[in-house]
Number of protein chains: 2
Amino acid sequence: MNVIKFGGSSLASGSQLKKVVQIVKDDAARKIVVVSAPGKRSAEDEKVTDLLIGFGMKALAGHDYSSVLSKIVNRYQTIAEELSLGTEIIGEIRQNLDDLINGNKDEPDYYLDAFKASGENNNAKLVAAYFNKEGVPARYMNPKEAGLLVTNEPGNAQVLSESYEELAKMRDSEEVIVFPGFFGYTRDGKVCTFSRGGSDITGSILANGIHAELYENFTDVDAIFTANPNVVENPIGIKELTYREMRELSYGGFSVLHDEALQPAFKLGIPVQIKNTNNPSAPGTRIMKERQLSDQGVIGIASSSGFSSIYIDKYLMNREIGFGRKVLEILESRGISYEHMPSGIDNLTIILHSDQMSSEEEQSLLVQLEEELGADSVKVEHDIALIMIVGEGMRERMFTMSKAATAFSENNINIDMINQGASEVSVMFGIQAKHEDLAVKALYEAFFEKK
Amino acid sequence: MNVIKFGGSSLASGSQLKKVVQIVKDDAARKIVVVSAPGKRSAEDEKVTDLLIGFGMKALAGHDYSSVLSKIVNRYQTIAEELSLGTEIIGEIRQNLDDLINGNKDEPDYYLDAFKASGENNNAKLVAAYFNKEGVPARYMNPKEAGLLVTNEPGNAQVLSESYEELAKMRDSEEVIVFPGFFGYTRDGKVCTFSRGGSDITGSILANGIHAELYENFTDVDAIFTANPNVVENPIGIKELTYREMRELSYGGFSVLHDEALQPAFKLGIPVQIKNTNNPSAPGTRIMKERQLSDQGVIGIASSSGFSSIYIDKYLMNREIGFGRKVLEILESRGISYEHMPSGIDNLTIILHSDQMSSEEEQSLLVQLEEELGADSVKVEHDIALIMIVGEGMRERMFTMSKAATAFSENNINIDMINQGASEVSVMFGIQAKHEDLAVKALYEAFFEKK
């Protein structure tokens, strides 16, 4: 039995839903269908979830929401009309949206969460109706009915472990279950949404709950690529990927799926298959616990920018027990997290996300570091990009670093930092952000094009 | 005016002292001569300082010391006879050694320090006598008379800053001053020795005190070499080296000079010239504040072994603010210092000197780390060597890493760790200790032999 999840672009229009029903029909194992809210039909389009947030904010503030409410109803109506679904379902959705307005405004976070969650919830009802019309016996399943309980953290809910036993009962369903993604219910009966990863999290939780054989995640790309397709032209798709590799690539800047969303599935060793709704015959990418290692040590190249480095210099630093600890305490007292901290004899560099501090806060941090540590100098650099090469067994391959370093030098890219030695499946390079794309291209060429 | 220091092997015999007096005669600027105790004449020989420690220990314990005392007197006597110095100086030295026995045994550290210091002290008297005989007007200067005051830390004394003004007066001397290295006097008049670096420290302090134009350090090698001559056959000598490069090489395992010993000279920007007593016409190595950069980014390759790595793995580690700080607190509470701490998303590696812990202590540390950090796993690896390539401006040279990584891979040496990004003048590689020599050879070939 598979859990199969469709993203917003797969459900954005009637023509997309026709593909979806066909995909579900194609494999009898596809019994639990998790749906997102309708997404964008084109680059200029609006996501229903964004419209719902606008609707909720206006309702909360007591402003006129009629035009945005119409837009939302229209989106569902357009889909229903394309699919000749009749008016009943739209009446039901309209009623639900009207009811939201009467929520408890004393708890604005929960009030808004109910609006956000309705996008998935109403879409699940619509999809179930369409499946039945197309001869696929299906029923909409409300997360409350299914027993999907979450913590009281609006916008960042965590599943409660007692949910899994309840969710397992869905295995017994004769009909295909259409389940709204993105939210669950608190113990006291309130709607509460998940964080980023939204519906992916729901799919992953259900896969764990029903001990699925496979969690299929349908989106709008043929595969997870070896490099960002906006940077490298027609990069190779990745056929198989381990959980660890997925996690490193995701950290490194890959955005197809957020790996933490997949944890409930990973925990039971359930494979996750990425597929394209618009090209379901493409093999896609399978993310699994272990994979057959190929000759190619590197499986993907990721990059992300927006980092700063703080360089601290103090003579005899490495003799001073507690120096590194003091640095980290100062960061911690300011709620600042760091990514890496390479250290030399008399110096130490902290790499961190730039967006954690305003320039005033940064200035004050530099002064504090210099004064409290008695540093000889403290310098900051901005606009640093981290480039990551990822692959199981890569460390065993002597030539990986040689290839990578040569790719950098041949393209006149200076490496400001190298972090190798912590992770077994990745190496990270710090470079000037202006070279980010060039670096990714150069590494792609070195690892995937050169013979 | 130069300070010129001669090491133990330069003063081990009469024939060596003949070279020394010639060197002093060769340049009128050589006015302050710092001497060590007589060193080894051959590999099997004993250093006078080691004999003195044995002598002191026996005297302290009330054991029979007559044979070791004879050995010590004999060493001086042999030198005096070779130089036809007459018996007066030996009588003086013998008297001094006899007097040591009557020191205050209630303070054993100070008691022993007086024995250790006498090696340099008596040798300075002998050298001064010889200089005068050879027509070089010279006088022995006692550190107390010169005003070299130090902290009350036997075996690890630090110079007191008030000394420098007193020492400056030596500039006015008409005669060459022969100054014993290795010790000073506490404010309460006790002899107290320096730590490692011994006489190098004295020379450096005097260079600072008299604002020397140059601090010449005469030893038994032609130069500081680009790599360890025990590993690489006939390595190239380094002509010029910056203070920073010297420090990194010294940390990396170069043992010609301990860079911290040179700090008092470095502080005033005084250049330090390494020369060979046995080959004074060789240009040697000049250590200076800044140097003309050559095309060659790398100036030296150092290595040292005896390191361990502790690998800590915990899912979502990089989200946990304070994780690194907790790790460092645990180390600190055990008085353990670390060298490097590369970190990944879910993992962190600590590189440290293995000799800081017994295997029981190590086991207990691993358990503490796992339990207190809630780590998923904690693993330790021993027998790690750190290989360092050093050079000013190296980081600006794209090809450095490429060359180095290629040298490793061509020799089938796996790189377990790379630390680049903290120091501006070095990159460090962690490898298995069994590959240490091969790695140094491979890097030497890559940076100094290949065209």
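Nothing in this text is a laboratory measurement; each read-out follows from the coordinates by a stated rule. Here the structure is a predicted model, which is why all the values come from computation and not from measurement. FYI the Cβ positions are ideal-geometry reconstructions off the backbone, even for glycines, and counts take in every protein chain you see.
Short version: ³J(HN,Hα) in whole Hz for each residue of segment A:56-63, in order, from phi by Karplus 6.51 cos²θ - 1.76 cosθ + 1.60 (θ = phi - 60°), x for Gly and Pro, what are they?
Taking θ as phi minus 60°, the curve returns x, 4, 5, 4, 4, 7, x, 8 Hz for segment A:56-63.
How well do other chains shield peptide A:406-414, expressed as the mean number of their Cβ atoms within 10 Å of each residue Cβ?
Per residue, the average neighbour count from other chains is 4.
Once R0 is set to 51 Å, what does the formula 1/(1 + (r/R0)^6) return for the Cβ-Cβ distance between A:Asp383 and B:Glu82, expressed as a FRET efficiency to the nearest 0.05?
Efficiency at R0 = 51 Å is approximately 0.15.
Please give the Cα centre distance for segment A:85-134 versus segment B:430-451, rounded to the nearest Å.
Each part's Cα centre sits 67 Å from the other's.
I want to check the label-to-label distance for B:Glu445 and B:Lys25. Put each point 7 Å from Cα in the C-beta direction and report it in nm to one decimal.
4.8 nm
So which GluC sites (Glu not before Pro) in segment A:1-105 pass both tests, a DSSP loop state and at most 10 other Cβ atoms within 10 Å of the Cβ?
The qualifying sites are A:Glu44.
Report the FRET efficiency, 1/(1 + (r/R0)^6), for B:Lys239 and B:Glu145, where r is their Cβ-Cβ distance and R0 is 35 Å, rounded to 0.05.
E between B:Lys239 and B:Glu145, to the nearest 0.05, is 0.40.
Kindly provide log₁₀ I(q)/I(0) values, in the same order as q = 0.17, 0.28 Å⁻¹, from the Debye equation applied to equal alpha-carbon scatterers of segment B:285-349.
-0.75, -1.36
Checking a compactness column here: for chain A, what do you get for Rg(Cα) / (2.2 N^0.38 Å), N being the number of residues?
1.10
Over 16 Å apart: what share of the alpha carbon pairs of segment B:318-382 falls there, rounded to a whole percent?
43 percent
Amide H to amide H under 5 Å from A:Val176: which residues, 5+ apart in sequence or cross-chain, H placed 1.01 Å off N in plane?
So A:Val176 has HN proximity to A:Ala138, A:Arg139.
Using θ = phi - 60° and the Karplus curve 6.51 cos²θ - 1.76 cosθ + 1.60, what whole-Hz ³J(HN,Hα) does each residue of segment A:85-98 get, with Gly and Pro shown as x?
8, x, 8, 4, 4, 5, x, 4, 5, 4, 4, 4, 5, 4
With the label 7 angstrom out along Cα to Cβ, how close does A:Asp109 come to the same site in each of the other copies, in nm, nearest first?
5.7
List, in order, the whole-Hz ³J(HN,Hα) value for each residue of segment A:45-55 obtained from phi through the Karplus relation with A = 6.51, B = -1.76, C = 1.60 and θ = phi - 60°; use x for Gly and Pro.
5, 9, 7, 4, 4, 5, 4, 5, 5, x, 4
Can you list the distances in nanometres, one decimal and ascending, from the A:Lys434 label point to the identical position in each other copy, with the point 7 Å along Cα to Cβ?
Sorted ascending, the copy-to-copy spacings read 4.8 nm.
In Å³ and rounded to a whole number, note down the convex hull volume per residue for the Cα atoms of segment B:276-433.
183 Å³
Separation between the A:Gln292 and B:His211 pseudo-spin-labels, each 7 Å from Cα along Cα→Cβ, expressed in nm?
Going by the 7 Å Cα→Cβ label model, 7.8 nm.
If you fit an axis through the alpha-carbon atoms of helix A:359-373 and take the longest principal axis of the Cα set of chain A, what angle between them do you get, 0 to 90°, nearest 10?
Its long axis makes an angle of about 40 degrees.
Which of the GluC sites (Glu not before Pro) across segment A:231-285 are loop residues per DSSP, with 14 or fewer other Cβ within 10 Å?
Passing both the DSSP loop test and the Cβ count: A:Glu233.
Can you compute the charge dipole magnitude of chain B about its Cα centre, using +1 on each Lys and Arg Cβ and -1 on each Asp and Glu Cβ, nothing else charged? Give it in debye, rounded to the nearest 20.
Computed about the Cα centre, the dipole is about 1340 debye.
Any idea how many Lys pairs in segment B:197-355 come in under 23 angstrom at the alpha carbon, given 8 or more places apart or on separate chains?
The number of close lysine pairs in segment B:197-355 is 7.
With the label 7 angstrom out along Cα to Cβ, how close does B:Asp26 come to the same site in each of the other copies, in nm, nearest first?
8.6
Out of residues 5 or more away from B:Ala37 or on other chains, whose amide H comes under 5 Å of its own, with H placed 1.01 Å from N in the peptide plane?
B:Glu120
Return the FRET efficiency for the residue pair A:Val367, A:Glu320: r is the Cβ-Cβ distance, R0 is 25 Å, and the value is rounded to the nearest 0.05.
With R0 = 25 Å, the Cβ-Cβ based efficiency is 0.80.
What angle do you read, to the nearest 10 degrees and between 0 and 90, between the alpha-carbon axis of helix B:323-333 and the longest principal axis of chain B?
Rounded to the nearest ten degrees, it is 30.
Using packing as a proxy for protection, rank B:301-311, A:60-70 so that the peptide with the highest average count of other Cβ atoms within 10 Å comes first.
By packing density, highest mean first, the sequence is B:301-311, A:60-70.
Amide H neighbours of B:Gln273 under 5 Å, at least 5 residues apart or on other chains, H built in the peptide plane: list them.
Amide H neighbours of B:Gln273, under 5 Å, 5+ apart: B:Tyr215, B:Glu216, B:Asn217, B:Ile287.
Among A:Ser354, A:Asn96, A:Leu316, pick out the residue whose Cα is farthest towards the positive end of the charge dipole of chain A, where Lys and Arg carry +1 and Asp and Glu carry -1 on C-beta, about the Cα centre.
A:Asn96
Nearest 5 is fine: what % of DSSP beta bridges in segment A:85-203 come out antiparallel, could you say?
DSSP beta bridges in segment A:85-203 are roughly 50 percent antiparallel.
If you keep only loop residues by DSSP, which trypsin sites (Lys or Arg not before Pro) in segment A:200-291 have at most 14 other Cβ atoms within 10 Å of their Cβ?
Filter output for segment A:200-291: A:Lys289.
Report the number of Lys pairs in segment B:6-69 whose alpha-carbons are under 27 Å apart, with separation of 8 or more residues or on distinct chains.
Qualifying lysine pairs in segment B:6-69: 12.
Grab the alpha carbons of the protein assembly as shown, take their convex hull, and tell me the volume per residue in Å³.
That works out to 190 Å³ per residue.
Please name which of A:His63, A:Leu52, A:Val24 has its Cα lying farthest along the dipole of segment A:14-125 towards the positive end, using unit charges on Cβ (Lys, Arg +1; Asp, Glu -1) and the Cα centre as origin.
So the residue furthest toward the plus end is A:Val24.
Given charges of +1 on the Cβ of Lys and Arg and -1 on the Cβ of Asp and Glu, with all other atoms neutral, how large is the dipole of segment B:1-82 about its Cα centre, in debye to the nearest 20?
280 debye
Decide, for segment B:1-103, between rounded, prolate and oblate: order the square roots of the alpha carbon gyration tensor eigenvalues as a ≥ b ≥ c, take rounded if a/c falls under 1.5, and otherwise choose prolate if a/b is larger than b/c, else oblate.
prolate
Mind checking Rg over Rh on segment B:379-431, alpha carbons, Kirkwood formula for Rh?
Using Cα coordinates only, the ratio equals 0.99.
Quick one: work out the % antiparallel among DSSP beta bridges in the protein assembly as shown, nearest 5.
Restricted to the protein assembly as shown, the bridges split so that about 60 percent are antiparallel.
Suppose we keep just the DSSP beta bridges with both residues in chain A; what percent of those would be antiparallel, to 5?
If I count the DSSP bridges inside chain A, around 60 percent turn out antiparallel.
If you place +1 on the Cβ of every Lys and Arg and -1 on the Cβ of every Asp and Glu, how big does the dipole about the Cα centre of the protein assembly as shown come out, in debye to the nearest 20?
1340 debye
What whole-number volume per residue, in cubic angstrom, does the convex hull of the C-alpha atoms of segment B:180-284 give?
Output value, Cα hull per residue: 115 Å³.
Counting only pairs 8 or more residues apart or on different chains, how many lysine pairs in segment B:84-210 have their Cα atoms under 20 Å apart?
Value for segment B:84-210: 10.
Partner chain Cβ atoms within 10 Å, averaged over the residues of B:330-338 - can you pull that number for me?
That average works out to 3.
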